[in-house]
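Bear in mind that the values in this text are calculations on the coordinates, not laboratory data. Everything quoted here is computed from the prediction, not taken from an experiment. Positions of Cβ are backbone-derived with ideal geometry, glycine not excepted, and every protein chain shown enters the neighbour counts.
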């Protein structure tokens, strides 16, 4: 596990170093035309998932400024609305920004906007989610591996039994291309080893929708028949757990998650949630910022990328694909705390102090 984090850090160091070398041959204060300072559009998908504004945005902005201190950053959040993000893309194109970092609300629906940006000579870096259309580069984590980590953890937590365990699958937003990758990875591990009692897609990754769907699953299957819950991220895990508690499900079955949100880590320490997937936002944002600056300066991305991907209906583009890390109560200290995402003091509320002591956090 520590090796995974080291590998991720090494990959990003290589990306950043390559961009820094490229910057030595370019005027850091000029845009690609040798005139005004480069401008970079940063388009985030929603405020529902805490990471976008609390982690990714400041980290991306910090990396961009480190590599290009005169770069102008134009930020906007679509609040989960495709039409809003399309308007924001139009605005960036009209302003003539030099590059766009896009976390698409709906990768398919944004394809026309990506095409318009491409036609205007504006490279689009797809960040975290693989948008359709002629993107110039991609930075994310291996989505299938995220699902595989979740599936393996769920099987381990449920243990061996005579009968196939029954699970509920709480998948993410079908408009998010990552959701399909998470699900595919999880099913590659779970198929044939579990019964899937109910499966749900969750529009806009809303925890309240997961809560409603889990209540429906309990009503249909019975409170005592659910052996595990595959929740694609921590928000869905939280919504599912609150529904099970409200319906007097005890003991709680193991529940997966993703994003290492503070609330999820507290639930893991308390024993309500079994695991989460830690995707180190620092390395991802560092790679995203490095690729954005290179694109804005019209430098080739091949020398800063470590891999390639093929968007749906598109051609292969340079990519940086990072390794996710599975986190349980026993490994919080050596992963998210060690990497500085959250401190032990933040996680360990007074109520959780005994559990934190048992987990070796304090």
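Remarks
- Across all Cα pairs in the range 32-71, the calculated P(r) in 5 Å bins from zero up to the longest distance comes to 6, 21, 24, 19, 14, 9, 5, 2 percent per bin.
- Inter-part distance, the range 235-275 to the range 135-211, computed on C-alpha centroids, equals 15 Å.
- Residues 286, 215, 188, 240, arranged from fewest to most other Cβ atoms within 10 angstrom of their Cβ, appear as 188, 215, 286, 240.
- For the chain, built as a Gaussian network whose Cα springs stay under 10 Å, the top-fluctuating residue of 298, 191, 266: 191
- Estimated FRET transfer efficiency when R0 is 41 angstrom, pair residue 357-residue 53 (beta carbons, to 0.05): 0.80
- With one equal scatterer per alpha carbon and no solvent term, the Debye-computed log10 I(q)/I(0) for the range 285-362 at 0.13, 0.15, 0.19 1/Å reads -0.62, -0.68, -0.81.
- From the Kirkwood radius over Cα pairs of the range 196-261, Stokes-Einstein at 37 °C and 0.692 mPa s returns a whole-number translational diffusion coefficient of 284 µm²/s.
- Multiplying each eigenvalue of the alpha-carbon gyration tensor of the range 96-150 by 5 and taking the square root yields semi-axes of 24, 11, 7 Å, largest first, rounded to whole angstroms.
- Between 67, 187, 164, the GNM of the chain built on Cα springs shorter than 10 angstrom shows 164 fluctuating the most.
- Among 344, 210, 163, residue whose mean-square fluctuation peaks in a GNM of the chain (springs only between Cα atoms under 10 Å): 163
- Mean ellipticity per residue at 222 nm, deg cm²/dmol - from DSSP H runs of n ≥ 4 across the chain, formula -39500 (n - 2.57): -13000 deg cm²/dmol
- Straightening the chain between residue 220 and residue 338 buys 38.3 nm, computed as 0.36 nm per residue apart minus the Cα-Cα spacing.
- Contour excess over end-to-end distance, with Cα ends at residue 330 and residue 164 and 0.36 nm allotted per residue: 57.1 nm
- Three-way shape call for the range 29-131 based on the alpha-carbon gyration tensor, with the a/c threshold at 1.5: oblate
- With Cα atoms, 0 to 90° folded angle of helix 57-67 axis to the chain main axis: 30
- For the pair residue 75 and residue 180, label points projected 7 Å from Cα toward Cβ lie 3.1 nm apart.
- Of 256, 36, 202, the sequence from fewest to most neighbouring Cβ atoms within 10 angstrom is 36, 202, 256.
- The three principal axes of the C-alpha atoms in the range 130-221 carry coordinate ranges of 50, 27, 17 Å, sorted with the longest axis first.
- Cβ-based exposure ranking for 94, 209, in which fewest neighbours within 10 Å come first: 94, 209
- For the range 206-304, the C-alpha radius of gyration divided by 2.2 N^0.38 Å, with N the number of residues, is 1.48.
- DSSP bridge analysis restricted to the chain gives an antiparallel fraction near 15%, rounded to the nearest 5.
- Chain lengthening between residue 37 and residue 112 when straightened (0.36 nm per residue, less Cα-Cα): 24.3 nm
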